[in-house]
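Since the structure comes first, as structure tokens, the remarks are kept for the end.
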Amino acid sequence: MGRQREFDLEQALEAALCVFWRKGYEGASYTDLTQATGVERPALYSAFGNKESLFRLALERYRTHYLDFFPLALELPTSLEVVSHILYRAAELHTRYPDRTGCLGILGALAGSDDAQPVRRALIDARASGETLLRQRLERAKQEGDLPATADCAALAAFICAVLQGMAIQARAGSSRDALKGVILQALSTWPSTSDQSKGNP
């Protein structure tokens, strides 16, 4: 009979996620991970595989536990409500924890060695998937008459994702939540609409 694990997998994964969020994939050493999780390296290997596997599991946990506002936003009735919800909730997340500002997915893909390319590619693909979902939602809004017939949904989705990426970088550089809200208000002030929708903070 194998020896029973003496640590909580979910707690260890959350601790590893926080390390990756704070230091990035390459910046996080095994010493950092073992100290944060309280689990020795052999046990980490046994439970989660190598560092790349652990990061991918942490990224999935980040998506389900911290980015859960994104799929919820896509269900809101108007395109303005959709993008407002995404932007404001992202600003809140980027500034929620003083020791790990910004976004794990965005900041983790900015740079990396050749050895980290699979991880960087996974992060880029994850962001592209989110942008595709947003574009599809905006296309539906266009079909429903919520967006003008001339609206370029692909460009709008790319614009919102660019704002999200910029806010993540600004948050990591020390920008406050109020400063990010100013960016959001400016971005929403240009949102195309067929009616006089409010562009205030929800």
- Query: Separation of region 58-99 and region 1-56 by C-alpha centroid, Å?
  - Reply: 25
- Note on the structure: Subtracting the Cα-Cα distance of GLN186 and ASP114 from 0.36 nm times their residue separation yields 22.2 nm
- Query: Could you give the nm distance between label points at GLU92 and ASP32, where each point is 7 Å from its Cα heading toward the beta carbon?
  - Reply: 2.8
- Note to self, the chain gives a 222 nm [θ] from helices alone (DSSP H runs n ≥ 4, -39500 (n - 2.57) apiece, / all residues, nearest 500) of -21000 deg cm²/dmol
- Message: Within the chain, what whole-number % of the accessible surface is contributed by carbon and sulfur, with the 1.4 Å probe and all protein chains included in the calculation?
- Response: 51
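Averaging the inverse of every distinct alpha carbon separation and then flipping it gives the Kirkwood radius. What is it for region 9-191, in angstrom units?
Details: mean 1/r = 0.0576 Å⁻¹.
It is 17.4 Å.
Sequence gap at least 6, Cα distance under 8 Å: using those rules, report the relative contact order of the chain to the nearest whole percent.
Numbers: 196 pairs, mean separation 43.7, N = 202.
Normalised by residue count, the contact order of the chain is 22 percent.
Count charges around LEU138 for me, please; just the other residues with Cβ under 11 Å from its Cβ, Lys/Arg as +1, Asp/Glu as -1.
Neighbourhood net charge equals -1.
Expressed in nm to one decimal, what extension gain is obtained for the pair ASN50 and PHE159 from 0.36 nm per residue of sequence separation less their Cα-Cα distance?
Contour length minus the Cα-Cα distance gives 35.7 nm.
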- Query: Given TYR62, LEU138, ALA15, which one lies farthest toward the positive end of the charge dipole of the chain, if we put +1 on the Cβ of every Lys and Arg and -1 on the Cβ of every Asp and Glu?
  - Reply: ALA15
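Treat every Asp and Glu Cβ in the chain as -1 and every Lys and Arg Cβ as +1, leave all other atoms uncharged, and give the resulting dipole magnitude about the Cα centre to the nearest 20 debye.
Numbers: 23 positive and 24 negative charges, 50 e Å.
Dipole magnitude for the chain comes out near 240 debye.
Taking only protein heavy atoms and a 1.4 Å probe, what accessible area per residue, in Å², does region 9-191 have with all protein chains in place? Please report the intermediate quantities before stating the final value.
Values: 8700 Å² over 183 residues.
On a per-residue basis, region 9-191 sits at 48 Å².
The values are calculated or read from the model by the stated rules, or taken from the named source; none is laboratory data. These figures come from a predicted structure and were not determined experimentally. Backbone-built Cβ (ideal geometry, glycine too); neighbour counts: all protein chains shown. Ligands, DNA and RNA are stripped out before the accessible areas are found, and what is left, the full protein with its side chains, is counted by its heavy atoms. Shrake-Rupley method; radii C 1.70, N 1.55, O 1.52, S 1.80 Å.
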